[in-house]
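See below for the structure under consideration.
The values are calculated or read from the model by the stated rules, or taken from the named source; none is laboratory data. These numbers come from a predicted model, not from an experiment. All Cβ positions, even for glycine, are placed from backbone atoms using ideal geometry, and neighbour counts span all protein chains on display.
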Amino acid sequence: MKNDWLEKNTFHYSEFNDLDRLVDEKRKKNLKISLCLPTLNEEKTIAKEILIMKSELMTRYPILDEIVVVDSGSTDKTREVARAFGADVYEAKDILPDLENFKGKGENLWKALYVTEGDIIVYLDADIKNIHYRFAYALIAPLLFYDNVKYVKAFYDRPIAIGKNKFRPTGGGRVTELVIRPLFSLYFPELTQILQPLSGEYAGSREVFEAIPFPIGYGVETSMILDIYEKWGLDVIAQVDLDKRIHRNQDTRALGKMAFVIMMTFINRQKKLGLIELKNDLFREMIQYNLVRDEYQSDIFKIEGHERPPIIEIPEYRHKFNKN
Amino acid sequence: MDNYLDKLPDFVNTVKSIQETIITNIVLIGQIPSPTFKEKRRTQVMMERLAEFQVDECSTDGYRNPIGIIRGTSESKPPIFVVANLDTVFARDVDHYYTIKENSITGAGILDNSLAVGVLVSMPEIFRTLNLRFESDIVLAGVIQSIGKGNLRGIRHLLKTWHTPIRGAVCIESSGLGRFNYYTDGMIRCELECNISTVDGWEYKFKPNAILVINEVINQIQKLRLPQKPRSRVIFGKTSAGFKHGMIAYDAMLGFEIQSDSDRMVKSIFNDIKDIIDGISHEYEVDLKLKTISSLNAARLKFNHPLVKSTVAVMKKLEIEPISAPSESEISIFLAKKIPAVTLGVTRGENHHQVNAKVEIEPISKGITQIIGVMMAIDKGVCDEKRLA
Ligand SMILES: Nc1nc2c(ncn2[C@@H]2O[C@H](COP(=O)(O)OP(=O)(O)OP(=O)(O)O)[C@@H](O)[C@H]2O)c(=O)[nH]1
Ligand SMILES: [Mg+2]
């Protein structure tokens with residue numbers, strides 16, 4: 001396997017700390033940039049993300065043109081708070097309301113394509129406790145400075161060997177290391193160079209995002225990488241070390257569900273690409289057991305596995321963006 | 001002379017217009033843990049932000065206090081200092097991530113004193129937005145090793161090694177919009193330790209209990225006659241003792257402060273307490289160690305000092321009710337060096353010294369404007385003539 005991609009297309013955020021240069025480049029290329037934050041009950045962190053991005057990347061350095069929150073029907077004050085801090089706030093179900101309604105992060109990312117204006121779109125999870133504006137500008141920068149790059153993915157914690165005999169593991173989460181990395185190693189060894197394929201922070205050009213399907217739930221990151229790789233090759237992808245990201249720690253059961261969705265997405269993609277044949281359709285239920293008193297009871301988590309088509313295929317979208 | 005006062009109410013709105021940037025600074029700096037003696041990382045971030053906001057000079061002094069300087073228009077006027085302490089009481093492993101809501105910021109250290117540091121760093125941007133130039137250089141100093149065992153070391157070193165005159169100073173505290181400190185009591189902070197040998201012994205017929213020994217010390221200190229004038233008191237502020245419920249305590253600690261507006265009285269009470277302790281140590285045959293952790297001399301601006309009058313005028317103009325009390329903090333060190341100085345609070349808060357400390361966002365712009373008003377007063381010369389009493 002060649003792994004020169006890792007050398008060539010991996011950056012550290014500090015390479016892009018000169019924000020005046022970014023502003024210049026953006027102006028030269030005459031691009032609009034949108035930041036999208038998908039939310040579900042994130043009242044604790046959303047205000048901070050909006051406020052810091054707005055201060056640093058709108059008021060002080062004109063890099064972002066808009067901050068858009070797409071919410072999955074939060075029952076806390078997420079939407080209210082986000083609005084108070086100046087973001088454009090939508091509920092996912094109100095965007096393209098004639099379509100059947102689904103709930104999930106992927107759904108929000110997809111619908112954001114319809115309401116945002118940007119030529120570049122930055123997606124950041126809304127639950128980042130140590131949010132810093134580098135999370136946005138460092139993902140945008142490679143898109144501005146390298147013409148081959150169309151999609152930029154975040155990874156965290158310096159992973160590369162330091163000194164002669166010292167090394168650190170690359171610090172993907174458990175689902176990455178136990179599910180995605182083995183699958184990639186088995187089927188697409190080149191893709192293992194993407195150190196944290198599940199990170200929720202990435203940026204890309206509209207042409208890329210509008211041309212790929214979006215699973216509505218947890219599978220969205222995996223499918224995005226596979227589709228972009230398949231359509232345009234690894235060279236349009238770059239990754240940026242954003243240092244640390246503080247994350248709540250999920251328990252193993254929750255990770256199990258996540259792993260289930262990701263494997264399902266992966267296998268379905270394989271099948272679609274003609275890489276494997278399945279004798280039967282996959283089952284759509286993740287089954288976990290609880291011991292209740294003296295009895296084992298199953299706890300079933302059902303996944304419909306819905307997927308949105310490339311949004312360019314939606315007439316309203318083509319109309320709005322004059323793509324006929 | 002009055003016309004700068006008239007500008008202040010409008011300033012509040014202008015300051016509010018860059019509130020997002022001020023809060024960003026508060027968050028980016030405040031989320032970096034900075035326990036006393038371990039302020040290095042926060043120092044770095046503070047310097048980065050100062051450089052980002054293009055102060056004319058940005059460096060650390062010989063003691064590693066981070067300092068930014070904005071050059072004034074006059075070559076001859078001494079500088080005005082604005083300071084806030086960088087250290088907090090929270091250890092590095094405490095969660096320092098802040099939560100922002102519509103009218104509040106919550107998180108460890110925000111009240112003491114992270115909000116103030118964020119405000120300090122925002123000053124260059126605030127001056128730019130207000131179109132404000134000062135005659136004096138403005139020295140923005142984050143001072144390390146201030147609270148508790150830090151004992152104001154940062155500010156002491158900064159002022160000891162600053163060799164040219166200083167025109168005046170404003171110390172910023174996050175909490176207590178309306179607080180107005182301009183005098184400081186004489187103070188000695190002590191820790192008394194009682195240790196009883198744990199070697200099973202023949203020395204004692206009845207083994208003394210460290211808690212009871214300390215209790216006796218407290219009782220006798222309370223019997224001391226303290227004068228109303230000079231106003232004096234002893235505060236018992238901290239204690240810990242023992243190991244478990246069913247066992248005599250072998251060790252005990254008592255932390256207390258002697259405060260008075262007369263240094264002589266502080267000294268004299270300290271001597272009385274020392275006598276009490278020597279007596280009890282002898283009587284109970286226990287080891288009592290009295291340590292002085294820190295001390296301050298009494299110092300003050302007179303209530304009719306022009307800086308005091310101007311500060312009150314600024315606060316009144318902004319409809320802030322001034323509340324004065326003695327303060328042992330950075331101003332003590334300025335005042336001891338005969339540099340006119342006041343401490344002002346930026347906003348209102350609750351849950352002091354707790355990890356869920358919370359500040360209100362709304363008053364911040366007024367709190368900042370008041371600081372700027374006082375700086376303008378100093379720049380107009382209110383500290384130049386009268387020396388301290
Ligand atoms: N789980 C979930 N997240 C959503 C949904 N809609 C929007 N989101 C947002 O999507 C982002 C990522 O969701 P998380 O649940 O944090 O998913 P994750 O980052 O993979 O998992 P964590 O380890 O819990 O952080 C957050 O900003 C959510 O608020 C939804 O329907 N379900
Ligand atoms: Mg998350």
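When you scan the range A:242-267, how many residues do you find that are in contact with a helix residue (DSSP H, G or I) (Cβ under 6 Å, 6 or more places away or on another chain) and either touching a residue at least 60 places away in the same chain (Cβ under 8 Å) or surrounded by fewer than 21 Cβ atoms within 10 Å (Cβ to Cβ) (or both)? Walk me through it before giving the result.
Pass one, the range A:242-267, residues in contact with a helix residue (DSSP H, G or I) (Cβ under 6 Å, 6 or more places away or on another chain): A:242, A:255, A:258-259, A:262, A:265-266.
Going one step further and asking which of them are either touching a residue at least 60 places away in the same chain (Cβ under 8 Å) or surrounded by fewer than 21 Cβ atoms within 10 Å (Cβ to Cβ) (or both), we end up with A:242, A:255, A:258-259, A:262, A:266.
So the count comes out to 6.
Could you check, for the range B:150-173, whether at least one of its residues is in the same structural domain as B:Ile67 (by TED's automatic domain parsing), assigned to a strand (DSSP E or B) and out of contact with any helix residue (DSSP H, G or I) (no Cβ under 8 Å at 6 or more places or on another chain)? No: zero hits. For the range B:65-91, the tally of residues that are out of contact with any Lys or Arg (no Cβ under 7 Å at 6 or more places or on another chain), of a type outside the set (A, V, I, L, M, F, W, C) and in contact (Cβ under 8 Å) with a residue 12 or more places away in the chain stands at 9. Of the set (1) within 18 Å of the chain's Cα centre (by Cα); (2) more than 14 Å from chain B (Cβ to nearest Cβ); (3) within 16 Å of ligand 1 (Cβ to nearest atom), all apply to A:Arg248 but (2).
Tally the residues that are acidic (Asp, Glu) and farther than 20 Å from A:Ile46 by Cβ, restricting the search to the range B:94-137. Don't jump to the end; show me each part of the working.
We begin by selecting, within the range B:94-137, every residue acidic (Asp, Glu); these are B:95, B:102, B:112, B:125, B:135, B:137.
Those still in the list that are farther than 20 Å from A:Ile46 by Cβ too: B:112, B:125, B:135, B:137.
Residues meeting the conditions: 4.
Checking each residue in the range B:115-148 for being within 14 Å of chain A (Cβ to nearest Cβ) and either in contact with a helix residue (DSSP H, G or I) (Cβ under 7 Å, 6 or more places away or on another chain) or in a strand (DSSP E or B) (or both) picks out B:Gly118, B:Val121, B:Ser122, B:Glu125, B:Ile126, B:Thr129.
Kindly establish whether A:Ser223 is buried (at least 19 other Cβ atoms within 10 Å of the Cβ), within 16 Å of ligand 1 (Cβ to nearest atom), polar (S, T, N, Q) and touching a residue at least 60 places away in the same chain (Cβ under 8 Å). Here the answer is yes, as A:Ser223 does meet what is asked. For the range A:97-152: of the residues being of a type in the set (Gly, Ala, Ser) and over 14 Å from the mean Cα position of the chain (by Cα), which is farthest from ligand 1 (Cβ to nearest atom)? Within the range A:97-152, the match that is farthest from ligand 1 (Cβ to nearest atom) is A:Ala141.
Does any residue of the range B:99-113 turn out to be within 28 Å of B:Val382 (Cα to Cα), away from chain A (no Cβ under 14 Å) and either of a type in the set (Asp, Glu) or out of contact with any His (no Cβ under 7 Å at 6 or more places or on another chain) (or both)? Before you say what the answer is, go through the steps one by one.
Pass one, the range B:99-113, residues within 28 Å of B:Val382 (Cα to Cα): B:113.
Cutting the leftovers down to away from chain A (no Cβ under 14 Å) gives us B:113.
With either of a type in the set (Asp, Glu) or out of contact with any His (no Cβ under 7 Å at 6 or more places or on another chain) (or both) added as a condition, the list becomes B:113.
Looking for residues that are within 28 Å of B:Val382 (Cα to Cα), away from chain A (no Cβ under 14 Å) and either of a type in the set (Asp, Glu) or out of contact with any His (no Cβ under 7 Å at 6 or more places or on another chain) (or both), one finds at least one in the range B:99-113, hence yes.
Out of curiosity, is B:Ala249 crowded, with 16+ Cβ neighbours inside 10 Å and either more than 32 Å from the chain's Cα centre (by Cα) or closer than 12 Å to B:Cys190 by Cα (or both)? For B:Ala249, the condition - crowded, with 16+ Cβ neighbours inside 10 Å and either more than 32 Å from the chain's Cα centre (by Cα) or closer than 12 Å to B:Cys190 by Cα (or both) - is met. Assess whether B:Ser329 counts as being within 23 Å of B:Ser175 (Cα to Cα), at pLDDT below 95 and not hydrophobic (A, V, I, L, M, F, W, C). Judged against the criteria, B:Ser329 is a match. Within the range A:1-32, the set of residues being among the hydroxyl-bearing types (Ser, Thr, Tyr) and within 14 Å of chain B (Cβ to nearest Cβ) comprises A:Tyr13, A:Ser14. Within the range B:295-314, the presence of at least one residue that is basic (Lys, Arg), surrounded by 13 or more Cβ atoms within 10 Å (Cβ to Cβ) and under 27 Å from B:Pro227 (Cα atoms) is confirmed.
So, A:Val81, is that one more than 11 Å from ligand 1 (Cβ to nearest atom) and within 29 Å of A:Lys29 (Cα to Cα) or not? Answer is no for this residue.
Would you call A:Leu35 within 11 Å of another protein chain (Cβ to nearest Cβ), surrounded by 23 or more Cβ atoms within 10 Å (Cβ to Cβ), closer than 22 Å to B:Gln19 by Cα and in contact (Cβ under 8 Å) with a residue 40 or more places away in the chain?
Values: within 11 Å of another protein chain (Cβ to nearest Cβ): no; surrounded by 23 or more Cβ atoms within 10 Å (Cβ to Cβ): yes; closer than 22 Å to B:Gln19 by Cα: yes; in contact (Cβ under 8 Å) with a residue 40 or more places away in the chain: yes.
So A:Leu35 does not fit the description; no.
Examine the range B:56-65 for a residue that is within 14 Å of chain A (Cβ to nearest Cβ), out of contact with any Asp or Glu (no Cβ under 7 Å at 6 or more places or on another chain) and of a type in the set (Ser, Thr, Tyr), and state whether such a residue exists. No, because not a single residue in the range B:56-65 is within 14 Å of chain A (Cβ to nearest Cβ), out of contact with any Asp or Glu (no Cβ under 7 Å at 6 or more places or on another chain) and of a type in the set (Ser, Thr, Tyr). Residues that are of a type outside the set (D, E, K, R) and either surrounded by fewer than 16 Cβ atoms within 10 Å (Cβ to Cβ) or more than 22 Å from the chain's Cα centre (by Cα) (or both) within the range A:268-277 comprise A:Leu273, A:Gly274, A:Leu275, A:Ile276, listed in sequence order. Of the numbered criteria (1) in contact with a helix residue (DSSP H, G or I) (Cβ under 9 Å, 6 or more places away or on another chain); (2) within 16 Å of ligand 2 (Cβ to nearest atom); (3) at pLDDT below 95, the one A:Pro169 fails is (2). Filtered by the rule that a residue be out of contact with any helix residue (DSSP H, G or I) (no Cβ under 7 Å at 6 or more places or on another chain), touching a residue at least 40 places away in the same chain (Cβ under 8 Å) and within 14 Å of chain A (Cβ to nearest Cβ), the range B:18-46 gives B:Gln31, B:Pro33.
Residue by residue through the range B:128-148, note down the ones that are closer than 24 Å to A:Tyr61 by Cα and either without any contact (Cβ under 8 Å) to a residue 60 or more places away in the chain or small (Gly, Ala, Ser) (or both). Once the filter is applied, which keeps residues that are closer than 24 Å to A:Tyr61 by Cα and either without any contact (Cβ under 8 Å) to a residue 60 or more places away in the chain or small (Gly, Ala, Ser) (or both), the range B:128-148 yields B:Arg128, B:Asn131. Restricting attention to the range B:317-348, the residues being within 22 Å of B:Leu111 (Cα to Cα), among the hydrophobic types (A, V, I, L, M, F, W, C) and either buried (at least 24 other Cβ atoms within 10 Å of the Cβ) or within 11 Å of the chain's Cα centre (by Cα) (or both) number 6.
Evaluating A:Ala138 against the criteria (1) in a strand (DSSP E or B); (2) of a type in the set (A, V, I, L, M); (3) more than 16 Å from ligand 2 (Cβ to nearest atom) leaves one unmet condition, (1).
Flag: B:Arg153 matches the condition of being among the basic types (Lys, Arg), surrounded by 12 or more Cβ atoms within 10 Å (Cβ to Cβ) and over 24 Å from B:Arg71 (Cα atoms). Among the residues of the range A:171-191, those identified as of a type in the set (Val, Ile, Thr) and in contact (Cβ under 8 Å) with a residue 24 or more places away in the chain are A:Val175, A:Val179, A:Ile180.
For every residue, the table says whether it meets (1) within 14 Å of chain A (Cβ to nearest Cβ); (2) surrounded by 18 or more Cβ atoms within 10 Å (Cβ to Cβ).
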position: B:Gln54; (1), (2): yes, no
position: B:Ile67; (1), (2): no, yes
position: B:Gly72; (1), (2): no, yes
position: B:Glu75; (1), (2): no, no
position: B:Tyr97; (1), (2): yes, yes
